[in-house]
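Notes follow the structure.
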Amino acid sequence: MSKKHVVFIINPKSGVERQKEITQGIEANLDKEQHSYELIHTQYAKHGTTLAKEAAQKGAYAVVAVGGDGSVNDVAQGLLGTNTLLAIIPKGSGNGMARTMKIPLDTNEAIKVISKGNTADMDVAFANDRPFISNAGVAFDALISKKFAKSERRGLMVYSWLVTKHMWLYKEWDWNITIDGKDYSERAFMINVANGQQFGYNFRIAPMASYTDGLLDIIIVRKFPKILGGALAFRGLTGSIAGSPYVQHLTGREITISNPALKLMQTDGDAHACEPTIKFRVEKGAQKVIVP
């Protein structure tokens, strides 16, 4: 019987210690009678997409994204339309999608999950045909993603500091939103389109979202008194953000968001330029993923 070949894609920036930890974890926890494996390193931004595509073409059973939501997004893009499974070893700063899927943050435990091989059919969302798996946003969260990417340091403290600093300066925008043919006009601080539940760090922007239901969850944070920013953040951490009077929760399959001045958005925490109008859609069960 031929073994199931597992390809681990690692960002070399993650350091020598991390790689040693991954290798030891694989040796200790991956069932070698069933699986063969190899470790590949990304050399530049978005290289993970090319490497994942090549692995799938060679018939890999699974490709493992070792990293955060950005790394998972890269690998997923390379696997779309193939039969190769996506797996995750969460090694980013926030790990939103891994947390949504209940994948253990501990390396050894995450590898045991891969070894067991339970799968789910994950929905994949698109923003103007750019795939994302966790969430995308067009206002305050896009700004924070951009600032966070430029930060030398990572982690919850830096993220929280950026949010607090910029929250007071940020001005709400007027948005036109269409959800499955129904029009809305909102003055919003933030609009997030979610497939997964959280940004990471257990901050659940869409605690009710399911990555297998064929729907996207739209979270609109309206203009709110900035003094209540802490209370909103607390709701995010306790999974009750949709209960805030300043938050509206909607669901849909096809969403359009527009503002003539729109130039920046984030997909899976990666900030990038965009058109003034963004069309979102979801493909149900587009990617098989290994989950606990």
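The values are calculated or read from the model by the stated rules, or taken from the named source; none is laboratory data. Only a predicted model underlies this, so the values are computations on that prediction, with no experimental measurement involved. Neighbour counts run over all protein chains shown; Cβ positions are idealised from the backbone, glycine included.
The condition (being in contact with a helix residue (DSSP H, G or I) (Cβ under 9 Å, 6 or more places away or on another chain) and not in a strand (DSSP E or B)) is satisfied by just one residue among Ile40, Ile22: Ile22.
For Gly92, the conditions (1) under 29 Å from Arg154 (Cα atoms); (2) surrounded by fewer than 20 Cβ atoms within 10 Å (Cβ to Cβ) all hold with the exception of (2).
Here Phe199 fits the description: among the hydrophobic types (A, V, I, L, M, F, W, C), in the same structural domain as Ser145 (by TED's automatic domain parsing), at pLDDT below 95 and closer than 24 Å to Asp129 by Cβ. Once region 33-64 is narrowed to residues that are of a type in the set (Phe, Trp, Tyr) and within 24 Å of the chain's Cα centre (by Cα), the residue that is surrounded by the fewest Cβ atoms within 10 Å (Cβ to Cβ) is Tyr44.
When Arg187 is tested against (1) outside the structural domain of Leu232 (by TED's automatic domain parsing); (2) under 24 Å from Ala271 (Cα atoms), only condition (1) is not met. Can you report the number of residues in region 180-226 which are closer than 15 Å to Ser258 by Cα and of a type in the set (Ser, Thr, Tyr)? Going through region 180-226 one residue at a time, the tally reaches 2. From the list Glu152, Glu186, the one residue that fits, being of a type in the set (Asp, Glu), part of a loop (DSSP other than H, G, I, E, B) and at negative phi, is Glu152. Exactly one residue out of Ser134, Ser145, Ser71, Ser93 is polar (S, T, N, Q), over 30 Å from Lys226 (Cβ atoms) and within 17 Å of the chain's Cα centre (by Cα): that is Ser71. The condition (being within 29 Å of Lys171 (Cβ to Cβ), aromatic (Phe, Trp, Tyr) and surrounded by fewer than 23 Cβ atoms within 10 Å (Cβ to Cβ)) is satisfied by just one residue among Phe132, Phe140: Phe140.
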